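Only one structure is covered here, and it is reproduced in the block below.
The values are calculated or read from the model by the stated rules, or taken from the named source; none is laboratory data. Computed from a predicted structure; not experimentally measured. Ideal geometry is used to build each Cβ from the backbone, glycine not excepted, and the neighbour counts take in all protein chains shown. Heads up: the accessible areas ignore ligands, DNA and RNA and are worked out on the full protein's heavy atoms, side chains in. Shrake-Rupley method; radii C 1.70, N 1.55, O 1.52, S 1.80 Å.
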Amino acid sequence: MHDAFYSEKIETLSIAIYERYKILNENNGNMKKSVTMKWQDLSEELKKISRDKAKNIPNALLKINYDVVSVKEKPAFIEFTIKELEILAENEHMRLYSIRKKSGWKYGEVKDSELKIDPRIAPWYKLLEEDRKKVYLIVKIWPEILSESNFKIERLNCLSQSGVKL
């Protein structure tokens, strides 16, 4: 049932992620035209990237011991700790890195979409600080985006093998 509630709102969440990304980058004069377009004008490939980001959020949150719960009313949203942001950002970058590598992208110092070359096709620790900050900004807004769609992020209660709460 959890997945069904979340799946129903993937499109709404995807649009919210894309729109927030546009706002975060509106002062960047180097942004591609595709990042300034309206959602309905995007290619299916770009929409799919945003949908994949939205679909991955619950799995990413499990890595920092959180779950996504559907609620009736818009909940207050949490703020991640610096350590949680670090884990989420690295995870998100490596997820995208893996997808792009599989589709033929390679590392290169200057981005060239035609040749599928990008300086961000690199492990997290080799990314430029500017590129890391962009990923941090994206994962940092997840709680607010989820809240706007009536999803609450809750800490999981984990038990150790001895039955003691961690």
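Among the residues of the stretch 81-132, what is the count of those that are aliphatic (A, V, I, L, M) and in a helix (DSSP H, G or I)?
First, the residues of the stretch 81-132 that are aliphatic (A, V, I, L, M): 82, 85, 87-89, 94, 96, 99, 110, 115, 117, 121-122, 127-128.
Now drop any that are not in a helix (DSSP H, G or I), which leaves 82, 85, 87-89, 94, 96, 99.
Qualifying residue count, the stretch 81-132: 8.
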Could you please find all residues in the stretch 41-58 being touching a Lys or Arg at 6+ places or on another chain (Cβ under 9 Å) and either of a type in the set (Asp, Glu) or over 13 Å from TYR18 (Cβ atoms) (or both)? ASP52, ASN56
Contact list, first residue from the stretch 133-149 and touching a residue at least 24 places away in the same chain (Cβ under 8 Å) and open to solvent by less than 60 Å² (accessible area, probe 1.4 Å), second anywhere and of a type in the set (Gly, Ala, Ser) and not in a loop (DSSP other than H, G, I, E, B), beta-carbon distance below 7 Å, six or more apart or interchain, is VAL135/ALA89; TYR136/ALA89; VAL139/ALA89; ILE145/ALA16
Any residue in the stretch 117-132 that's acidic (Asp, Glu): show its pairings with residues that are at pLDDT 90 or above and surrounded by 17 or more Cβ atoms within 10 Å (Cβ to Cβ) at Cβ separation under 9 Å, as long as the two are six or more apart or on different chains. ASP118/TRP105; ASP131/HIS93; ASP131/ARG120
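For the stretch 40-51, which positions are open to solvent by less than 20 Å² (accessible area, probe 1.4 Å) and either of a type in the set (Val, Ile, Thr) or farther than 22 Å from ASN91 by Cβ (or both)?
LEU42
Only one of these is hydrophobic (A, V, I, L, M, F, W, C), over 18 Å from ILE15 (Cα atoms), within 14 Å of the chain's Cα centre (by Cα) and buried (at least 17 other Cβ atoms within 10 Å of the Cβ): ALA54, ALA60. Name it. Show your work before the answer.
Numbers: ALA54 fails: over 18 Å from ILE15 (Cα atoms).
One residue alone meets the criteria, ALA60.
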